[in-house]
Amino acid sequence: MDVSRFWLIWPDSPALSLLALVLLAMAFLYAARLPMHQLIRAAGHAVGGPLRMASRWLLAAAVEINDRNKAVLLAHGRRELEKRIEREFERIATLVNRDLQGYPVLQRKLADEVTTIEEDYKKCGEVPPPPPDWVEAVAAIGKIKSGGGELAMSILEGINQSINRIHDKAIAEYRKSYEARHAILEKFMPCWRAIEKTLSQVDKNISGLLDSALSVDNLMSQYEQIVAKTDKAVHALTVSALTQFGIALLVMLVAIGGTFINFKLIALPMSEMVGAADYITASLRTSEVAALVIILVEASMGLFLMETLRITRLFPVIANLGDQARRRMMWVALTLLVTLAGIEAALALMRDMLIQDKQALVQSLASVQQAAADSWVGKIPTVGQMLLGFILPFALTFVAIPLESLIHSARTVGGALLMVLARGFALLLRIAGNLIRQASRVLVHLYDVAIVLPLWFERMASGARGAPARSDAGSITLQPREES
């Protein structure tokens, strides 16, 4: 028996068997039309409803994340602005105490000196004194005619000579006084220059004070916006956090490169100290772990040093220590850091010696004799490695500053990224839920298309039954009109 022909009702007529099966299936599907519609709609609601609920939940979570991120951002910005405003006020107080404390005395002194200079200048500008009264008498005598005799002429000549001597003496005394006054004014030139220099310095100090006041005004306006929780302040803080995150991340990448160089500098000599054949795992040597531990300890000591200097504030416990305990901790961290830097310098020297011994061994095995570099040029790589091993720990100490900035800004950047991801997933879930609900409607219509013949017969039958009913209703409604 052919298995592929088991579905044939009439084996001799496949087309008639197929038509009969289609009619039977169509009748069965028509009978199950309402339950299947309900099943498809229920399946669409069962799958699409939770997706839409999840979308709404993600949107609510995104709003909550945004509110929390905004609160954290405003609080952090408020603390930073408070510190900056406090530093600006301290700078203004220092400027006032240092440069403007004696300004009233200086102003009074300058006023007195200017008044003295003005008085001396006015005295220097006096006109010659008017001639005495006896000059008029002499002028009257001078009008006497020269023909009055020898006695009159001798008297007049004597008077003339006496007047000329008195005049010359008065002119000489006035000129001497005038020169003395000019000498006094000439002595005031250094005083004028000192006054000008002092006034320039005072003007510079006042200008610096005005600039600081303007800076404080700008900071206070930003602080007021942060307290008011305006969108402008939130946007500015977000942009600042993104900028700080990018810069700090770049510096941290540079620090990671320095750490890698430092690791390579001490990994080889550590293998001689710990053992080159000692492995923790199949691909991880104990010497590499020991070198990494030394670098991490150096970074920790540098971080503690920055904390005790109050440059960074990652650990509130250290920041809240007393001054004496903080200084002790600072000296301990600095001592350990210097010791580890010295150890790295020694390991760098040991690394160079190991490399030289390896080269000498290779040359001896290859039967090649080369002159040793005993000059100072051959010692440059060794000295450079030692200096690099000593300086890198101190250079990596300053990584604590971008690390703090990266940690603080990562909270804002991570919150913003998480909010965007939540909104994106909410949109995708909402689209998926709507697609599933629309797909259920499409399946309902496709189901009706599959049973289009029974539905057509149903419409024809319902139309035929509806025609007499409409005619009867029309006759009943028309009777009252005929009576009327």
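The values are calculated or read from the model by the stated rules, or taken from the named source; none is laboratory data. Note that the structure is a prediction, hence the values are computed from the model and not measured. Cβ sites come from the backbone with ideal geometry, for glycine too, and all protein chains shown count toward neighbours.
Here is a list: Pro104, Pro131. Which entry is at pLDDT below 75 and not in a helix (DSSP H, G or I)? Steps first, please.
On the way: Pro104 fails: not in a helix (DSSP H, G or I).
After applying the criteria, what remains is Pro131.
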request  = Any residue in segment 308-322 that's touching a residue at least 60 places away in the same chain (Cβ under 8 Å): show its pairings with residues that are of a type in the set (Val, Ile, Thr) at Cβ separation under 8 Å, as long as the two are six or more apart or on different chains.
outcome  = Ile311/Ile401; Thr312/Ile401; Leu314/Ile407
remark   = The correct count of residues that are in contact with a helix residue (DSSP H, G or I) (Cβ under 8 Å, 6 or more places away or on another chain) and part of a helix (DSSP H, G or I) in segment 439-455 is 11
Some residue of segment 303-316 being basic (Lys, Arg), within 19 Å of Ile343 (Cβ to Cβ) and under 34 Å from the mean Cα position of the chain (by Cα) = no
message = Quick check on segment 331-351. Is at least one of its residues exposed (fewer than 13 other Cβ atoms within 10 Å of the Cβ), modelled with pLDDT of 80 or more, more than 27 Å from Val251 (Cβ to Cβ) and not hydroxyl-bearing (Ser, Thr, Tyr)?
response = yes
